[in-house]
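The values are calculated or read from the model by the stated rules, or taken from the named source; none is laboratory data. Bear in mind the structure is a predicted one, so any value in this text is a computation, not a measurement. Positions of Cβ are generated from backbone atoms using ideal geometry, with glycine treated the same way; all protein chains shown enter the neighbour counts.
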Amino acid sequence: MSDIPYRANSNLERVLVAGHFGVTAELGPPKSAEVEVIHKKAEHLRGKVDAVNLTDNQTAIVRISSIAAGKVLVDLGLEPVIQMTCRDRNRLAQQADLLGAYVLGIRNVTCLTGDHQVFGNHPTARHVFDLDSIQLIECVRRMRDDGVFLCGDPIQNSKKSPVVAPKLYIGAAENPFGDPFEFRAIRLAKKVNAGADYIQTQCIYDLERFERWMSQVCARGLHKRVKILAGLTPLRSFKMASYMATGVAGIQVPRELLGRMEAAKDGAEEGIRICVEQIQRLRQIEGVAGIHLMAIEWEQKVPEILERAGLLPRPVVPPAA
């Protein structure tokens, strides 16, 4: 058994702290109560990744909650990473859900602002945004490390009861491609200072710009304080590549990649080849601690991508006693 004082003792934390190149993958919960969808996607990821991200009503479309889907994964023997957005909950609901997630066996949480509701299937819904993502990170850190709620009250049932805090590995998202570019590393520093343990980035196609961002990150020493997982979304076709280039805010697709996808006889194979090349290059960049693979509704290709990239089998790091 390890004697390292882990913050949450999750598998993801242990792998990253041990210095292994980490791998997480995304699983989008279904837009119905058909739980078998989660089971099917989970089997593609079993034993192939260190933890599985569960989105929280991504693109502001109603789905099974990330916490409920997380409990399904716990029961299946996989490690979940729940996403929690600031769009739908005030601080009461956020802290209650964090406690609930912990007692259900969930040990990782990624704190996000959340896509605006106008992009989803309930555009007239009221947003909340009681806290922003940086404040939410700070909230989780105070609950975990200080044993207090955001209001300052201790996390206990009575003055004579013990403090029982949710021990969660805290993550956040970051977009290395937003403007102004010189502000991106500064914004990352704010999340690290708030308490983020790991970062999952927006999906990367422009590796040269990503490398410039990482240079700024390393110049500030942030890579020594937080584990950075580079986000990747494998392309399935030239049509998808064109959409990512023009229809998704915050993503830049170089012309070279668009040209390769357009010329490819087998778009899916070329997309996987590009993804594997990206992983190999990312492994050489200082400060990159792993990847976050967002194979949107293409989870069955995750094992092949990781095998071809030389990232299987995954390391096993024993939990702390």
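Hey, can you tell me all the residues within the stretch 246-275 that are part of a helix (DSSP H, G or I) and without any contact (Cβ under 8 Å) to a residue 24 or more places away in the chain?
Those that are part of a helix (DSSP H, G or I) and without any contact (Cβ under 8 Å) to a residue 24 or more places away in the chain: 246, 247, 255, 256, 258, 259, 260, 263, 269, 273.
Please enumerate the residues belonging to the stretch 277-319 that are free of Cβ contacts under 8 Å to residues at least 60 places away in the same chain and either among the polar types (S, T, N, Q) or surrounded by fewer than 20 Cβ atoms within 10 Å (Cβ to Cβ) (or both). Please lay out each step first, then the result.
Initial filter on the stretch 277-319 (free of Cβ contacts under 8 Å to residues at least 60 places away in the same chain): 277, 279-280, 284, 304, 307-310, 316.
277, 280, 284, 304, 307, 308, 310, 316 - these are the residues of the stretch 277-319 that are free of Cβ contacts under 8 Å to residues at least 60 places away in the same chain and either among the polar types (S, T, N, Q) or surrounded by fewer than 20 Cβ atoms within 10 Å (Cβ to Cβ) (or both).
Quick check: anything in the stretch 19-34 of a type outside the set (S, T, N, Q), part of a helix (DSSP H, G or I) and either more than 21 Å from residue 120 (Cβ to Cβ) or touching a strand residue (DSSP E or B) at 6+ places or on another chain (Cβ under 6 Å) (or both)? Step through it out loud before you land on a result.
Residues of the stretch 19-34 that are of a type outside the set (S, T, N, Q), as a first pass: 19-23, 25-31, 33-34.
Subset that is part of a helix (DSSP H, G or I): none.
Scanning the stretch 19-34 turns up no residue that is of a type outside the set (S, T, N, Q), part of a helix (DSSP H, G or I) and either more than 21 Å from residue 120 (Cβ to Cβ) or touching a strand residue (DSSP E or B) at 6+ places or on another chain (Cβ under 6 Å) (or both).
Considering only the stretch 101-108, I want to know if a residue exists there that is among the aliphatic types (A, V, I, L, M), modelled with pLDDT under 95 and in contact with a helix residue (DSSP H, G or I) (Cβ under 7 Å, 6 or more places away or on another chain).
Within the stretch 101-108, the first condition is being among the aliphatic types (A, V, I, L, M), and the residues that meet it are 101, 103-104, 106.
Add one more test, that the residue is modelled with pLDDT under 95, and what stays is none.
No: the stretch 101-108 contains no residue that is among the aliphatic types (A, V, I, L, M), modelled with pLDDT under 95 and in contact with a helix residue (DSSP H, G or I) (Cβ under 7 Å, 6 or more places away or on another chain).
Just for the stretch 60-104: of the residues that are of a type in the set (Ser, Thr, Tyr) and in a helix (DSSP H, G or I), which one is nearest to residue 132 (Cα to Cα)? Let's see the steps before the verdict.
Initial filter on the stretch 60-104 (of a type in the set (Ser, Thr, Tyr)): 65-66, 85, 102.
Those still in the list that are in a helix (DSSP H, G or I) too: 66, 102.
Details: 66: 19, 102: 21 Å.
Per the criteria, the residue is 66.
Within the set of pairs 6+ apart or on separate chains, which have a first residue in the stretch 133-148 that is at positive phi, a second that is β-branched (Val, Ile, Thr) and crowded, with 18+ Cβ neighbours inside 10 Å, and C-beta atoms under 7 Å apart?
As it stands, the answer is 147/155, since those pairs meet every condition given.
Of all residues being assigned to a helix (DSSP H, G or I) and aliphatic (A, V, I, L, M) in the stretch 135-157, which is nearest to the chain's Cα centre (by Cα)? Just the residue, please.
Step one: list which residues in the stretch 135-157 are assigned to a helix (DSSP H, G or I), which gives 135-146.
Filter once more, so that each one left must be aliphatic (A, V, I, L, M): 136-137, 140, 143.
Working: 136: 15, 137: 14, 140: 16, 143: 20 Å.
Across the stretch 135-157, the extreme among qualifying residues is 137.
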